[in-house]
Structures are given as structure tokens and as C-alpha cells.
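Throughout, read-outs are computed from the coordinates displayed, never taken from laboratory work. Note that the structure is predicted; figures quoted are calculated from it, not measured. Here the Cβ positions follow ideal geometry from the backbone for every residue, glycine too, while neighbour counts run over all protein chains shown.
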Protein chains: 2
Amino acid sequence: MPMTADDLLRHLEQHYAGIPLTRAMGLRVAAADDARIVLAAPLAANVNDKGCAFGGSLASLMTLAGWGWIERIVHGHGLAADIYVKDSRVRYLAPVWQDFEAVARPAPGESAEPFLATLASAGKARLRMCCEIPLPGERPAATLEAEFVALTRR
Amino acid sequence: MPMTADDLLRHLEQHYAGIPLTRAMGLRVAAADDARIVLAAPLAANVNDKGCAFGGSLASLMTLAGWGWIERIVHGHGLAADIYVKDSRVRYLAPVWQDFEAVARPAPGESAEPFLATLASAGKARLRMCCEIPLPGERPAATLEAEFVALTRR
């Protein structure tokens, strides 16, 4: 029986809840589908000494979004893997003065199918993700490009 | 009267304590001088779903170390500035299975004097920092290269 969107959401929420810092950040899964994932966090738990969002929280939420999108498709295809972030580049473009979200999707040229096929056959696969903290205007507050590695669990 | 090392340590600790996520991480200033800063954090508060340190905690501690080294020299020279991380590159090289530290120092070719002189005269200055999470062996668990921008407060 294929997993429903609700099954996958609960799976993700359980995974996130297992990381103490995500609870401290007040992380919430706002939306998730095969195209992208959206995580939300309140400013109050993630504020810095200047009253805007702490850069470490922005980078962490974007990293967790990239990780979660991959965890969701891996689990949804009946695989079990440990997923690690390997390398990331973060650009901080504007301060964030309100509650915020991180959106993650595969990087241009990347998609789920070849990644899952390689993971299933070789037990290891890489995927690059693009993440951002959107703002009401055109420019995001921050962007993250990251490479993740998945290793199937035995 | 020049500030003592203890004055500067207390100043830093107060700054860090003002960021809720640093309290959740259990951040502690282990050492700080004009050459480098060392921050420490326990694994338990920073663990991920796999039982090793959460990548977001490693990146956050390194970012906070880079930020703190700059805050310390700015304050030590009688200046007051808001210090922002602008851009960073993180490489995750090995999992961390114990309490960990982040060490930050100016990047090769960078030093405090020209940065402080520019900040004092122009009200804005940039500094690149190199940070790492050392492991007992030769290779660190993670490295971060980041550019910070300081803006004097009016």
C-alpha cells in the first residue's frame, strides 16, 4: 500500500522532533510535496543580539529543509537511508525581522528519479539542493546551495 | 583604562547569552585571545537523528565563533558595531560523536589592524574568518570560511 501525503508528513515530523535543536527553533513542516518542502520557524526562538533572525537559524532551517525533502522521497519510495549534508554555501542577503520559512527544492538539473535509482542500486547517492528564506519582495533573505549524500541503512 | 581579558570574556558571554539558540546549544566560551577564539558545546544538546552532531549546530557554532572573535576585538578597541555574517562555505568532513569545539581565526592574509582602522574611519569594514571543528586526528570534522561585515553603531 503506497504511503499517503499524511504518512510522509508524520514521518518527517517524527524525524525533526528527534533533533533537540529543531525543537528549540520551534520548527514546523508547513508544506511538503514532490516538488518542494517548506519549513517554518518563529522569530522569537531564533532571534540574535540585534533583534533579527540569527544567521545560524536561517542556515540550519535551510539545511533541515534540504535534508527533509530528500528524507521524504527516500522514505516514500520504500528505502531507508542516512542522509548527510556534505558541503554548503550560504549567502545572507537581508535581515529577517519576522517569523520565517525555508523552502528547498532540487538544484537545477537535479531530480528525484536518478538519485533514487542510484541509491537503490549502489547504496549511495548524492543530490544537490537549493534552499532559500523568502521575503515578501523579490529577493530572498538568504540562500543555501548544498550537496547531500545518502547511504542506505543495512 | 584598557579592558582586561576577563572584561572581554564577560562581554562576549553576555552577547552570546542574548541569543536564545546559543543557550539551547549549551554554548560556552572555552578560550579567547587576539589570535583565536574557542567555543565549546555538548553533544547531547546538539545531536541529530543519527546520534552524531547536527550539521546545523556545527555550522552555527563555527559562525558564532567567527562572529565572536570580531566582536571581541571591536569591543576591545573601544568601538561598537553590529557584526553580520554575509557569506559562508561549510564543508562537513567527518561525523562528530562527542562534545565538540569550534575554533575561529582570521583567514590567511587578514588581520585585526586594517579591519579596525577601516571600521573606525569608514564606519564599515569586512573581515574573512576561517573556522573549524577540530577532531583528535589531523582532519577537522568541519570547516567554515565566512565573510563578516561590521557597521559601527551610531
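With +1 on each Lys and Arg Cβ and -1 on each Asp and Glu Cβ, how big is the dipole of the protein assembly as shown about its Cα centre, in debye rounded to the nearest 20?
120
Let's see if you can work this out: charge +1 on each Lys and Arg Cβ, -1 on each Asp and Glu Cβ, no other charges. What is the dipole magnitude of segment B:13-75 about its Cα centre, in debye to the nearest 20? Don't skip to the end; give the middle numbers.
Numbers: 5 positive and 5 negative charges, 29 e Å.
Charge dipole, segment B:13-75, about its Cα centre: 140 debye, nearest 20.
What is the spin-label model distance, in nm, from B:Met3 to A:Ala31 if the labels are put 7 Å beyond Cα along the C-beta direction?
Here the modelled spin labels are 4.5 nm apart.
Pick out, from B:Pro108, B:Ala40, B:Leu119, the residue whose Cα sits farthest towards the positive end of the charge dipole of chain B, with +1 on the Cβ of Lys and Arg and -1 on the Cβ of Asp and Glu.
B:Leu119
Which far-off residues, 5 or more places away or on another chain, put their amide H under 5 Å from the one on B:Ala81, with H placed in the peptide plane?
B:Arg153
Count of lysine pairs in the protein assembly as shown with Cα atoms under 24 Å apart, counting only pairs 8 or more residues apart in sequence or on different chains?
So the count of such lysine pairs works out to 7.
Compute the FRET efficiency between A:Lys50 and B:His11 as 1/(1 + (r/R0)^6), taking r as their Cβ-Cβ distance and R0 = 22 Å, and round to the nearest 0.05.
Calculated value: 0.90.
Say we join alpha carbon atoms closer than 10 Å with springs in a Gaussian network model of chain A; which of A:Pro136, A:Pro20, A:Pro42 then has the biggest fluctuation?
Judging by the Gaussian network model, the answer is A:Pro136.
Angle between the Cα long axis of helix B:5-17 and the longest principal axis of chain B, 0 to 90 degrees, nearest 10?
60
So what are the ³J(HN,Hα) numbers for segment A:40-47, from phi and the Karplus equation (6.51, -1.76, 1.60; θ = phi - 60°), rounded to whole Hz, Gly and Pro as x?
Couplings: 10, 8, x, 4, 3, 7, 10, 7 Hz.
Can you list residues whose amide H is under 5 Å from A:Asp87's amide H, if they're 5+ apart or on another chain and H is modeled 1.01 Å from N?
HN-HN under 5 Å from A:Asp87: A:Glu147, B:Tyr92.
What average count of beta carbons from other chains do you get within 10 Å of the Cβ of residues in A:88-101?
3
Sort A:Tyr84, A:Tyr16 so the one with the fewest other Cβ atoms within 10 Å of its own Cβ comes first.
A:Tyr84, A:Tyr16
Once phi is turned into θ = phi - 60°, what whole-Hz ³J(HN,Hα) does the Karplus curve with 6.51, -1.76 and 1.60 give for every residue of segment A:62-69, x standing for Gly and Pro?
Going residue by residue, I get 5, 5, 5, 5, x, 4, x, 4 Hz, with x marking Gly and Pro.
Relative contact order (percent) for chain B, with alpha-carbon contacts under 8 angstrom and 6 or more residues of separation?
Computed over chain B, the figure is 24 percent.
Skipping prolines and chain starts, which residues have an amide H placed within reach, meaning under 5 Å, of the one on B:Asp99, given they are 5 or more residues away or on another chain?
For B:Asp99, the qualifying residues are B:Leu43.
Only four residue types carry charge here, +1 at the Cβ of Lys and Arg and -1 at the Cβ of Asp and Glu. Report the dipole size of segment B:1-137 about the Cα centre in Debye, rounded to the nearest 20. Each step should come with its number before you reach the end.
Working: 13 positive and 14 negative charges, 77 e Å.
Rounded to the nearest 20 debye, it is 380 debye.
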